[in-house]
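Note sheet for the following structure.
The values are calculated or read from the model by the stated rules, or taken from the named source; none is laboratory data. Since the structure is predicted, the reported quantities are computational estimates derived from the model, not experimental observations. Cβ sites come from the backbone with ideal geometry, for glycine too, and all protein chains shown count toward neighbours. Ligands, DNA and RNA are stripped out before the accessible areas are found, and what is left, the full protein with its side chains, is counted by its heavy atoms. Shrake-Rupley method; radii C 1.70, N 1.55, O 1.52, S 1.80 Å.
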There are 2 protein chains.
Amino acid sequence: MADVTSDMIKELREKTQAGMLDCKKALVEVDGDMDKAVEMLRKKGLASATKKMGREASEGIIASYIHSNMKIGVLLELRTVTDFVARNEDFQNLAKELSMQIAAANPLYINIEDVPAEDIEKEREIYREQMKDSGKPENVIEKIVEGKLSKYYSDVCLLEQEYIKDPKVRIKDLIKEKIAIYGENIEVGKFSRFQIG
Amino acid sequence: MADVTSDMIKELREKTQAGMLDCKKALVEVDGDMDKAVEMLRKKGLASATKKMGREASEGIIASYIHSNMKIGVLLELRTVTDFVARNEDFQNLAKELSMQIAAANPLYINIEDVPAEDIEKEREIYREQMKDSGKPENVIEKIVEGKLSKYYSDVCLLEQEYIKDPKVRIKDLIKEKIAIYGENIEVGKFSRFQIG
């Protein structure tokens, strides 16, 4: 018999809008398998087929930026803890700035942690290959490789990028500054960037 | 030895901005494997690490819609064949309407063809299960199942949805109408929809 925690019941309720008892029963019956529990509740007609799965938990806002030529567009989710901060105009300006940053500097990830390990290894390999005929000692090469990797992160990770309007500032510092002002965590939840041509 | 076509060379050039001869040589060397060719050119320092892969081929625009509460946002790529149509204000209004549609009606896919086959099978199973004690004959049940499936498509597929501003019109008809007017194909390339809470 699987452990059915109250967190699981809560998650299932959010996903299906079914009652607490129904959710608990379903979870116990399928041994805690969330997907099966959703399916079971839907089969019983208690959950709606088109009800959206996996809703975002926190507060925040959605912002967008469309470049003037309409060929580049960005959608951004900027999260906060309270709706009070989300309604703050200065916070909304931050979301706008970040959207413009993404449009201009085209990051692929939010954090360094989001870069797939195999991509990092591939980068390292490429840098080593580029230097293999340099005649430099191994430990020097490794230092250069790590330096190039830092540069790579500051190209592809939003938080590591230089702010387009002030290259002395990194995006993560821009956000940290606001966190200090509001006294509340701010996180880039996700972003999309579309480009034509 | 693999066939290296001029299309492949063109694709590799677009991906890496390397010269034609370098691209051809790389492709021949790796037996036409595009990913390996990109990697090889990058190792040779001919291609830039952050150069974006897989650019969109066609013309079109990027549009967005942010709901007034800033809790729902949509980013949309609407494609055309010529930039002439993309610059048309009426076309840009269509992109805006579609973005609002997505914000309001929350489709999960663009086309019926985009719905994963296993999801369709799962839906069918659920509908059958709901009716198994109905006493109806099998062929009647199957007809009802297909009817429910149509309803499901019109919930989850943008092109099958009813236009929020005129439920008599399906989104695909709205687009077809514009195709007839401009005499040029129009396609929803992709969309993102973010929602807080």
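Once amide H atoms are placed 1.01 Å from N in the peptide plane, what residues at a sequence separation of 5 or more from B:S58, or on another chain, have their amide H within under 5 Å of its amide H?
The list, which skips near neighbours in sequence, is A:G197.
From the backbone phi of region B:124-134, what are the Karplus-calculated ³J(HN,Hα) couplings (6.51 cos²θ - 1.76 cosθ + 1.60, θ = phi - 60°) in whole Hz, Gly and Pro given as x?
3, 4, 4, 5, 4, 4, 4, 10, 5, 9, 6
Decide, for region B:96-197, between rounded, prolate and oblate: order the square roots of the alpha carbon gyration tensor eigenvalues as a ≥ b ≥ c, take rounded if a/c falls under 1.5, and otherwise choose prolate if a/b is larger than b/c, else oblate.
Working: a/c = 2.46, a/b = 1.89, b/c = 1.30.
Here region B:96-197 falls in the prolate category.
Suppose you put the label 7 Å out from Cα in the Cβ direction; list, shortest first and in nm with one decimal, how far A:D119 is from each other copy's label.
2.5
Would you tell me the mean number of C-beta atoms belonging to other protein chains that fall within 10 Å of each C-beta in B:68-74, as a whole number?
On the way: counts 0, 4, 9, 8, 2, 8, 4.
If you average over the peptide's residues, the count of other-chain Cβ atoms is 5.
Measuring from a point 7 Å out along Cα→Cβ, what nm distances, shortest first, does A:I181 have to its partners in the other copies?
Inter-copy label distances (nm, one decimal, shortest first): 4.3.
Averaged per residue, what accessible surface does chain B expose to a 1.4 Å probe, in Å²? Can you show the working numbers first?
On the way: 10620 Å² over 197 residues.
About 54 Å² of surface per residue is accessible.
Within the set of other residues whose C-beta is less than 14 Å from the C-beta of A:K143, count the net charge using Lys and Arg as +1 and Asp and Glu as -1. Present the calculation step by step, with values, prior to reporting the outcome.
Numbers: positive: A:R124, A:R128, A:K136, A:K148, A:K151; negative: A:E138, A:E142, A:E146.
Every neighbour counted, the sum reads +2.
Where nothing but the Cβ of Lys and Arg (+1) and of Asp and Glu (-1) is charged, how large is the charge dipole of region A:54-151 around its Cα centre, in debye to the nearest 20? Mind dumping the intermediate values first?
Details: 13 positive and 19 negative charges, 68 e Å.
Rounded to the nearest 20 debye, it is 320 debye.
Find, among the trypsin sites (Lys or Arg not before Pro) in region B:133-166, those assigned to loop by DSSP (not H, G, I, E, B) with at most 13 other beta-carbon atoms within 10 angstrom. Let's see the in-between values first.
Values: sites: B:K143, B:K148, B:K151, B:K165; in loops: B:K165.
Within region B:133-166, the qualifying trypsin sites (Lys or Arg not before Pro) (loop, at most 13 other Cβ atoms within 10 Å) are B:K165.
Could you work out the relative contact order of chain A, using alpha carbon pairs under 8 angstrom and six or more residues apart, expressed as a whole percent? It would help to have the intermediate numbers written out before the result.
Numbers: 250 pairs, mean separation 40.9, N = 197.
Value for chain A: 21 percent.
Taking each residue of A:182-195 in turn, how many C-beta atoms of other protein chains fall within 10 Å of its C-beta, and what is the average?
Values: counts 0, 0, 0, 0, 0, 0, 0, 2, 2, 3, 11, 4, 13, 5.
That average works out to 3.
Given charges of +1 on the Cβ of Lys and Arg and -1 on the Cβ of Asp and Glu, with all other atoms neutral, how large is the dipole of the protein assembly as shown about its Cα centre, in debye to the nearest 20? Working shown, then result.
On the way: 64 positive and 74 negative charges, 146 e Å.
Computed charge dipole of the protein assembly as shown: roughly 700 debye.
In nm, what does the list of distances from A:S134 to its counterparts in the other copies look like, shortest first, when each label sits 7 Å along Cα to Cβ?
With the label placed 7 Å along Cα→Cβ, A:S134 yields 7.1 nm.
Could you give the distance between the Cα centres of region B:13-41 and region B:147-184, to the whole Å?
About 42 Å separates the Cα centre of region B:13-41 from the one of region B:147-184.
When Cβ neighbours within 10 Å are restricted to other protein chains, what is their mean count per residue of peptide A:35-44?
Values: counts 1, 0, 0, 0, 4, 2, 0, 5, 8, 3.
For peptide A:35-44, the averaged partner shielding equals 2.
Would you mind telling me which residue in B:N185, B:N139, B:N106 has the biggest mean-square fluctuation in a Gaussian network model of chain B, where springs connect alpha carbons within a distance under 10 angstrom?
Of B:N185, B:N139, B:N106, the most mobile in the Gaussian network model is B:N139.
What 222 nm value per residue comes from the helices of the protein assembly as shown, counting each DSSP H run with n ≥ 4 as -39,500 (n - 2.57) and dividing by all residues, nearest 500 deg cm²/dmol?
Working: 16 runs with 196 residues, N = 394.
Result for the protein assembly as shown, helices only: -15500 deg cm²/dmol.
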